[in-house]
1. By counting other Cβ atoms within 10 Å of each Cβ, how are S341, S37, S277 ranked from fewest to most?
2. Work from the charge dipole of the chain (Cβ charges, +1 for Lys and Arg, -1 for Asp and Glu, about the Cα centre) and give the residue of Q223, Q15, P155 farthest towards its positive end.
3. For a 30 Å ceiling on Cα separation, which of these pairs sit above it: K167/K240; K152/K394; K240/K394; K240/K320; K101/K152; K22/K165?
4. Longest span of the chain, sites excluded, free of trypsin sites (Lys or Arg not before Pro) in DSSP loop with at most 11 other C-beta atoms within 10 Å?
5. As a test of the formula, what do you get for the chain when each DSSP H run with n ≥ 4 contributes -39,500 (n - 2.57) and the sum is divided by the residue count, at 222 nm and rounded to the nearest 500 deg cm²/dmol?
6. Expressed as a whole number of Å, what is the distance separating the alpha-carbon centroids of region 61-92 and region 245-261?
7. Can you tell me which lysines have their Cα less than 17 Å from the Cα of K227? Leave out same-chain residues fewer than eight positions away.
8. Dipole magnitude of the chain about its Cα centre, charges +1 at Lys/Arg Cβ and -1 at Asp/Glu Cβ only, in debye to the nearest 20?
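None of the figures in this text is laboratory data; all of them are computed from the coordinates on show. Remember, it's a predicted structure, so these values are computed and weren't measured experimentally. Virtual Cβ from ideal backbone geometry, glycine too; neighbours counted across all protein chains shown.
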Amino acid sequence: MDIISDRLKQIQPSQTLVISAKAREMKAKGRDIISLSAGEPDFGTPDNIGQAGIRAIQTGQTKYTDVGGTAQVRQAIANRLNTDYGLDYTADEIAVSSGGKQVIFNAMMASINPGDEVIIPTPCWVSYPDIVTLAGGNPVMVACNEKTTGFKLQPQQLREAITEKTKWLIINSPCNPTGVTYSNEELRALCDILLEFPNVWILTDDIYCKLTYDGFVASTIVQVEPKLKDRTVTMNGVSKAYSMTGWRIGYAAAPVEFIKAMMKLQGQSTTNACSISQAATIEAMSGSQESVQDMVSTYQKRRDIVLELLNSTPGLSCIKPEGAFYLFPSIHDCIGKTSKSGVKIVDSESFVTALLEEEGVAAVHGAAFMMEGYFRISYATSTELLKEACTRIKQFCMNLQ
Ligand code: PLP
């Protein structure tokens, strides 16, 4: 008898984690590898936040908390949502989980019946389709083509994708992997469609909301259309904006009944998120936001440098995104060519595999994000390494014949 469940066999390992692990393995064997594959800030956690974690240990905040997080952290999150977006949530409408990923997992597991559909605009974060599948739902991918939609879901596409089985729309702005960010007006147009379909819930993944450039301010669904508040899960976390990936804190703001449902599930799986990380999150939410601003201005400089280098590389072209720390260049002009070592570039996977083998640059193929013909690089790494990586990518592309 096979020990592995049929359910598990339906899903894939996270491709970004697979490629990052491969890059680490090659590095350990002595290869000179630059990894642009992980979605992880290269900055340390800001000191005021780290100190709050240390204080939590020293003052014995090392026990179980309420499943959904301490009252203090939930209130601090509610306050931040109010300051950042003018949203009005009570602490009861907030729940803390072990990372944004667990929030999404909880939301899907708590709501999906077999055959329910979840609309996912693509390119999308690698985990959405697999989480939906694990929960027994059907991911409905809606391709948001670069040329015709700028990688953004159009109102008409949304309307056409909704069926009687649609339970959720997942929206991610700024987006991983493209960095594109919906404007207030663009969200407004999607909200207008959603108002026509009262059975469709919305999960808005705002994890990159603070990482926006050129003065662009990211909006969120409930802020744009308060009437959708009673069927929206606003998901966010500290991983990206506060450089706290390892602390594992994500949160949901949602109607109380749905928060309770998610916490019923969490109470039978991981219980509360780490108590020390919760204490640190209070400081992230309530303390000075200056370090976030510093990181954002560094990311913006890096985005501009990398964008220019990529767009001057033969065979590549890349749009200028407003947020996150990713670029998603097109490799359409490289397809069909052959690399220096004789690898035929037939798709995004062969492109990134040959790039890693030949030039030691790790990036993620577009197919992992449900969009062929592109690859994703993360610019959350030092400017020196980014420049060197771009030189190598250029070399790789110039060698294609
Ligand atoms: N959502 C998106 C779009 C992401 O890119 C990530 C992380 O890569 C997450 C959610 C989950 O982040 P975490 O679980 O670290 O909070």
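1. Listing S341, S37, S277 from fewest to most nearby Cβ atoms yields S341, S277, S37.
2. Q15
3. Working: K167/K240 28 Å; K152/K394 28 Å; K240/K394 28 Å; K240/K320 20 Å; K101/K152 22 Å; K22/K165 39 Å.
Too far apart for the 30 Å limit: K22/K165.
4. The longest uninterrupted stretch comes out as 64-401.
5. Working: 15 runs with 167 residues, N = 401.
Taken over the chain, the calculation gives -12500 deg cm²/dmol.
6. 9
7. none
8. Numbers: 37 positive and 43 negative charges, 143 e Å.
Roughly 680 debye, rounded to the nearest 20.
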